[in-house]
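In what follows, a single structure is set out as structure tokens and then discussed.
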Amino acid sequence: YAGAHNFIDNATAKDPTNATLYDIKGFTLELEKGIDEALPYYQKAVETDPNYANGYYDTGRVLYLKGTKVIDDNPNDNNRQLADKIRPYFDKALPYLEKAAALDENNTKVKTIIDDINYKYEVMGIKK
């Protein structure tokens, strides 16, 4: 990964307004170190280009994954307990995912995640 990081860092230094480069950096960090390391780069992609659909998708996806990890890590919690723990992640994820869906109507993965969040909200009795 070091070679990829160096290549991306050099490219970003030459073209700091290229949102795709921040997204790629996030992706390589996600593969290497996990979602926590990747999130700031996905957010930087959105900050750099407010019309970059992949940046919104990846930011929302990572926040969604953080919420689903809470569910996986707490198998004995009831829906009420889980709702209080996942809501901060899902509430943050939804605006990013909705923006990604608006910018890229052909991205079926983003729609699947939005539907899953809405389903979990319904099952857990969470009001939006």
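Entry remark, region 72-115: residues being touching a residue at least 40 places away in the same chain (Cβ under 8 Å) and either within 15 Å of the chain's Cα centre (by Cα) or within 14 Å of Tyr57 (Cα to Cα) (or both) number 10 in total. In the condition set (1) farther than 18 Å from Thr112 by Cα; (2) charged (D, E, K, R); (3) under 11 Å from the mean Cα position of the chain (by Cα); (4) open to solvent by less than 60 Å² (accessible area, probe 1.4 Å), Asp36 is compliant with all but (4). Screening the candidates Pro95, Pro50, Pro75, Pro16 for the property of being surrounded by fewer than 14 Cβ atoms within 10 Å (Cβ to Cβ), out of contact with any His (no Cβ under 7 Å at 6 or more places or on another chain) and assigned to a helix (DSSP H, G or I) yields one hit, Pro95. Criterion applied to Lys111, Lys127 was being of a type in the set (Lys, Arg) and either touching a Ser or Thr at 6+ places or on another chain (Cβ under 6 Å) or part of a loop (DSSP other than H, G, I, E, B) (or both), and the one residue passing it is Lys127.
The values are calculated or read from the model by the stated rules, or taken from the named source; none is laboratory data. Here the structure is a predicted model, which means the values were calculated and not measured. As a convention, Cβ positions derive from the backbone with ideal geometry for all residues, glycine included, and neighbour counts pool all protein chains shown. Surface areas here come from the heavy atoms of the whole protein model, side chains and all, with no ligands, DNA or RNA. Shrake-Rupley method; radii C 1.70, N 1.55, O 1.52, S 1.80 Å.
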